[in-house]
1. Of all residues in the stretch 238-275, how many are assigned to a loop (DSSP other than H, G, I, E, B) and buried (at least 18 other Cβ atoms within 10 Å of the Cβ)?
2. So Trp190 passes all but one of these: (1) free of Cβ contacts under 8 Å to residues at least 40 places away in the same chain; (2) closer than 28 Å to Ile133 by Cβ. Which condition number does it fail?
3. When the residues of the stretch 206-219 are narrowed to those that are crowded, with 17+ Cβ neighbours inside 10 Å and in contact (Cβ under 8 Å) with a residue 40 or more places away in the chain, which ends up farthest from Met244 (Cα to Cα)?
4. Does the stretch 35-50 contain any residue that is surrounded by 15 or more Cβ atoms within 10 Å (Cβ to Cβ), within 28 Å of Gln113 (Cβ to Cβ) and at pLDDT 95 or above?
5. Suppose the filter is over 29 Å from Ala123 (Cβ atoms), surrounded by fewer than 18 Cβ atoms within 10 Å (Cβ to Cβ) and out of contact with any Asp or Glu (no Cβ under 8 Å at 6 or more places or on another chain); does Glu199 pass it?
6. If you take the residues of the stretch 150-202 that are of a type in the set (Lys, Arg) and outside any loop (DSSP other than H, G, I, E, B), which of them is nearest to Gly140 (Cα to Cα)?
7. Just to verify a result, which residue in the stretch 155-176, among those that are within 28 Å of Gly224 (Cβ to Cβ) and of a type in the set (D, E, K, R), is modelled with the highest pLDDT?
8. Among the residues of the stretch 15-27, write down those that are surrounded by 17 or more Cβ atoms within 10 Å (Cβ to Cβ) and either assigned to a loop (DSSP other than H, G, I, E, B) or not hydrophobic (A, V, I, L, M, F, W, C) (or both).
Amino acid sequence: KPFTDLFTLFPDYSIFIGVTSPSMVVDEVLDATLRLKVEASNLRDADLIIINTDGWIIGDLAVRYKIRLIEAVNPDFVVAIHAGNELDPIISLIGERQVLIVEAPRDVRRRDQRTRRILRGLAYKKHLKEAKIRLFHLDGIRVEGALNLNGGGKKFADKMREILGSEVLHCEERSNSILLIVQRRDLLDWKNVKAAEEEAGKRIILLQKGDERGLLASLEDPAGRMLGIGMIQDIDFKARSVRMITPVSGEVSRIKIGWIRLDSEGNERGLLLEALSMR
């Protein structure tokens, strides 16, 4: 039936990215968009597929990203809705594709960051409706994303504990940093942290127990299909379990932890760690 706002609909298929801006997860967004296009193409009643892209358009990185997106999905038409000449850098690089240029309606106000945050909060609450507390034991469940809880790294964690003189609850090595979770950051001797960085040859990123509370996450079934979202309440690193508020009731094979943190009301309260590279 007709609708006027996508907010009123529930998606048939979703892919969780875990952050609101595509700027630091470009490859992941491109891959997800292609997967969604394939899913939409397989629907028998899909006469027309419209890919509504994000609003990141300013700057060289944004332009290159949009061109990569267009080349990846290979659309029959590109519809450019803009005010003034803001999309000219993108349009000039599209090449031989058919481009329909439409001026944005003057009476439609652009949403500022505060408005966008409020609308996202409404969406989180919608998808967390009738949520209950579930405890997931991580044996047999992959946990990836902002935190990777799939085991390993114990030997390295023991080394870090020895240097820091403090218990390390979780340790994971990333491309350009080491992520450590401890009980309390303020009890660490920062000379020891510096020594740990010298030993590892990488920057040490420190989180403390409790920083995981409120993190948004997706839950997937054995086929890799997203079942819904949840909000982390607690991670027991020793018992390897995650307590989460979620409406999902079925079997879960994968949890992807995002970077967005919510308060108890489901409103955004920032990111887990804005300075940490997501690659």
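1. Our first condition is that a residue be assigned to a loop (DSSP other than H, G, I, E, B); within the stretch 238-275, this holds for 238-240, 247-253, 263-267, 272-275.
Filter once more, keeping what is buried (at least 18 other Cβ atoms within 10 Å of the Cβ): 248, 252, 266, 272.
Residues flagged as assigned to a loop (DSSP other than H, G, I, E, B) and buried (at least 18 other Cβ atoms within 10 Å of the Cβ) within the stretch 238-275 amount to 4.
2. Answer for Trp190: the failing condition is (2).
3. Just the residues of the stretch 206-219 that are crowded, with 17+ Cβ neighbours inside 10 Å, to begin with: 206-207, 209, 212, 214-219.
Adding the requirement that they be in contact (Cβ under 8 Å) with a residue 40 or more places away in the chain leaves 207, 209, 212, 214-218.
Numbers: Leu207: 19, Lys209: 15, Glu212: 11, Gly214: 9, Leu215: 9, Leu216: 9, Ala217: 9, Ser218: 11 Å.
Among them, the one singled out is Leu207.
4. So far as the stretch 35-50 goes, no, none of its residues is surrounded by 15 or more Cβ atoms within 10 Å (Cβ to Cβ), within 28 Å of Gln113 (Cβ to Cβ) and at pLDDT 95 or above.
5. Values: over 29 Å from Ala123 (Cβ atoms): yes; surrounded by fewer than 18 Cβ atoms within 10 Å (Cβ to Cβ): yes; out of contact with any Asp or Glu (no Cβ under 8 Å at 6 or more places or on another chain): yes.
Yes; evaluated as a whole, the condition is true for this residue.
6. Taking the stretch 150-202 as the starting set, the residues that turn out to be of a type in the set (Lys, Arg) are 154-155, 159, 161, 174, 184-185, 191, 194, 202.
Then keep just the ones that are outside any loop (DSSP other than H, G, I, E, B); that gives 154-155, 159, 161, 185, 191, 194.
Values: Lys154: 19, Lys155: 22, Lys159: 27, Arg161: 27, Arg185: 31, Lys191: 39, Lys194: 36 Å.
Restricting to residues being of a type in the set (Lys, Arg) and outside any loop (DSSP other than H, G, I, E, B), the top hit is Lys154.
7. Here is the first cut: in the stretch 155-176, the ones within 28 Å of Gly224 (Cβ to Cβ) are 170-175.
Next cut, of a type in the set (D, E, K, R) only: 172-174.
Numbers: Glu172: 90, Glu173: 86, Arg174: 83.
Per the criteria, the residue is Glu172.
8. In the first step, residues of the stretch 15-27 are kept if they are surrounded by 17 or more Cβ atoms within 10 Å (Cβ to Cβ); the result is 15-19, 22, 25-26.
Within the stretch 15-27, Ile15, Phe16, Ile17, Gly18, Val19, Pro22, Val25 meet the criteria.
The values are calculated or read from the model by the stated rules, or taken from the named source; none is laboratory data. Not measured: the values here are computed from a predicted model. Cβ atoms come from the backbone with ideal geometry, glycine included; neighbour counts cover every protein chain shown.
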